[in-house]
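Reviewing the structure listed below.
What follows draws every value from the coordinates through simple rules; no lab data is involved. In this text, all values refer to a predicted model and were calculated from it rather than measured experimentally. So basically every Cβ, Gly included, is an ideal-geometry build from the backbone, and we count neighbours across all protein chains shown.
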């Protein structure tokens, strides 16, 4: 699982997250769905990037 998370391409993760968030917020009828989708995808991708940076440090300590 850890190796899989470290191997995720952040650009593709952003694109996939953007598509799914877009479908969600558009289907819910959220006003300003595009902006909300962009922000949610950016936050999710940033969290994934932080996790990718933290994981190598955690595995080296073992």
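A few comments on the model shown:
- Listing of helices (runs of 4 or more DSSP H) fully contained in the chain that carry 3 or more residues being surrounded by 14 or more Cβ atoms within 10 Å (Cβ to Cβ): 10-27, 33-61
- All conditions in (1) more than 28 Å from residue 56 (Cα to Cα); (2) over 13 Å from the mean Cα position of the chain (by Cα) hold for residue 21, with the sole exception of (2).
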